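The values are calculated or read from the model by the stated rules, or taken from the named source; none is laboratory data. None of these values were measured; they are calculated from a predicted model. Note: ideal-geometry Cβ built from the backbone for every residue, glycine included; neighbour counts use all protein chains shown. In case anyone asks, the SASA skips ligands and DNA or RNA and just uses the protein heavy atoms, side chains included. Shrake-Rupley method; radii C 1.70, N 1.55, O 1.52, S 1.80 Å.
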Amino acid sequence: MAEKNVSIFDIFGPIMIGPSSSHTAGIARIAYLARKIFPYPVDRARVSFYGSLAWTYRGHGSDKAAVAGLLGIMPEDERLNHSFEIAAESGFTYEIVPVYELPERYHVNTVIIELENAERRIVLRGASIGGGSILIQEINGFEVDLSGELSALLVSHHDEVGVIAIVSHILAANRINIAGTSSHRKEKGDEALLVVEVDSPVGKSIVQQIESLPPIYSVVYIPGLSN
Amino acid sequence: MKTRFHTVQDLASVLESENLPLGGYLVAREAFIQGKTADEVNAELDRRIQITRAALDRGLSAPQLSFSGLTRGNAVRLAAPEKAIVTDPFYTRAIAYALAVAEVNACGGRVISFPTAGSCGIVPGTLWAFRDTRPSGEEIDDARFREAFLVASCVGILIAERATLAGAEGGCQAECGAAGAMAAAGLASLCGCAFGAIFDAAALSLKNSLGLACDPVAGLVEVPCVKRNAFLAANALTAVSLELAGVTSVIPFDEVVTALKAIGDSLPANLRENAQGGLAVTPTGLSYREKIRDPRPEAPAGV
Ligand code: SF4
């Protein structure tokens, strides 16, 4: 909280479904974001609760919150309480797994979400860091640091020079201000992930324009939670 | 526009340089940092205030029963007390309302974290009870009521800037303790207190919560959290009663916040929300942990 102005609505907020801002609202947010990052049909979903969540997820309704988020229900929506029924009605199946061992580098409130269909798969690690705030810390093996507050573009690309420059150029030409970029690569392999956080919404045509560039494999646009 | 303030003193000088009263400044500041108009900020405040009302009505209209069995619809009991010792309508409503909102939270209802989910009943409970019990001719209009929520939030900002509002970091003094100070400030503002007296009332309330442990049974936001909302509402009422009688705090608000931070830093981890100390490890506390521990074999519909 040191750099940014604390808003009245940071104190008097967020609007949420109880009981816990970290174990309920934060988990709903992570799952909601996971679904935005994986905007494809889901055949199989698995949610693993680590650390404190493994012990207390039932009492906090973290499981209901996660399923709600995966169904695209916002953390403040009272349908969150009925997410199991909504999932059953729509044929959405999922698995909830508590993992009592907490790997050392994981935050104490960690959830791992795996989503897949015949062609694609995502493994995402999120941390609920308090007061409903969250961080996505890992996407398919890439260590990232995404709060979900701002809108962001996730650009998966061939690891070569100049990608950041091209993407910034396209955004600038469309008068979209970049709030921050970060570049991630795995130890081996030629795939890299560029995360670009932006101050204003990015339209479909811009996303397609970026996606059509040769070194780019795919682009996912995630609207910010605070807009 | 100047938007940062860390202390009451900072805030006073910002108000002077911006030439605005406290409530007016807080709205203008919010509009500025969010890129919105003052009307939009006020509308959002009103929307949130109404959500607190809906939560409290819900908590009073039907007993709230939680999954763990730790929350048992006590607000309904309090709302119609047969053997109350104190029968002052404001006091009895303040504790019933605070409890009602906290129970709704514990049972998965819609609330507003204020400043956290576990402490979400204290400010709305106190302020709504005051508004509901004004005699005719002394009604509180929406603008004044909104200002009280702003002032309460401002106290939260001051604590967040120099200490913390997370039980996991500072213990419950930083959650329910902070909410008590926020409620005292909001109530003082409704009672017409001047700038200095508002923060003095907050100091009085906060001092009385220093050192409060966070030791929730089974790691759930229920015991001691839910009932603590009623106690801290009473704490805020006492603080403002003292203030109005001219009983002021020897230690100024900013120094109380410094003390809160230092005490939070020296609290053992077991008393900072990890559910490994205090009430959580009493025999009864542990029995609840066992009871809710095993995962359900499958998620039943409708739970
Ligand atoms: S005891 Fe802990 S979890 Fe409960 S309200 Fe206080 S700080 Fe929050």
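Filtering B:E243, B:E290, B:E298 for residues that are at pLDDT below 95, part of a helix (DSSP H, G or I) and charged (D, E, K, R) leaves a single hit, B:E290.
Could you tell me whether the stretch A:175-190 includes any residue that is surrounded by fewer than 17 Cβ atoms within 10 Å (Cβ to Cβ) and among the aliphatic types (A, V, I, L, M)? Yes, there is a match, as at least one residue in the stretch A:175-190 is surrounded by fewer than 17 Cβ atoms within 10 Å (Cβ to Cβ) and among the aliphatic types (A, V, I, L, M). Condition check for B:V223 on (1) touching a Phe, Trp or Tyr at 6+ places or on another chain (Cβ under 9 Å); (2) more than 14 Å from every other protein chain (Cβ to nearest Cβ); (3) closer than 26 Å to A:S21 by Cβ: one failure, at (2).
Which one of B:R53, B:R29, B:R58, B:R47 is touching a Gly at 6+ places or on another chain (Cβ under 7 Å), part of a helix (DSSP H, G or I) and modelled with pLDDT of 95 or more? Just one listed residue meets the conditions, B:R58. Screening the stretch B:159-207 for helices (runs of 4 or more DSSP H) wholly inside it with 1 or more residues that are within 16 Å of the ligand (Cβ to nearest atom) and within 14 Å of chain A (Cβ to nearest Cβ) returns the ranges B:167-170, B:176-190.
Find the residue count for the stretch B:113-129, including only residues that are in a helix (DSSP H, G or I) and touching a Gly at 6+ places or on another chain (Cβ under 9 Å). Steps first, answer last, please.
Filtering the stretch B:113-129 for residues in a helix (DSSP H, G or I) gives B:122-129.
From the residues that got through so far, the ones that are touching a Gly at 6+ places or on another chain (Cβ under 9 Å) too are B:122-123, B:126-127.
Of the residues in the stretch B:113-129, 4 are in a helix (DSSP H, G or I) and touching a Gly at 6+ places or on another chain (Cβ under 9 Å).
Given the options A:V99, A:V42, name the one that is more than 8 Å from chain B (Cβ to nearest Cβ), open to solvent by 10 Å² or more (accessible area, probe 1.4 Å) and modelled with pLDDT of 95 or more. Being more than 8 Å from chain B (Cβ to nearest Cβ), open to solvent by 10 Å² or more (accessible area, probe 1.4 Å) and modelled with pLDDT of 95 or more holds for just one of A:V99, A:V42, which is A:V42. Within the stretch B:112-123, the only residue that satisfies the criterion of being away from the ligand (no atom under 13 Å from the Cβ) and within 14 Å of B:R228 (Cα to Cα) is B:V123. Taken together, the criteria place A:P215 among residues that are touching a residue at least 24 places away in the same chain (Cβ under 8 Å), touching a His at 6+ places or on another chain (Cβ under 7 Å), outside the structural domain of A:P41 (by TED's automatic domain parsing) and not aliphatic (A, V, I, L, M). Number of residues in the stretch B:235-280 that are away from the ligand (no atom under 16 Å from the Cβ) and either under 30 Å from B:I85 (Cα atoms) or in contact with a Ser or Thr (Cβ under 6 Å, 6 or more places away or on another chain) (or both): the value is 14.
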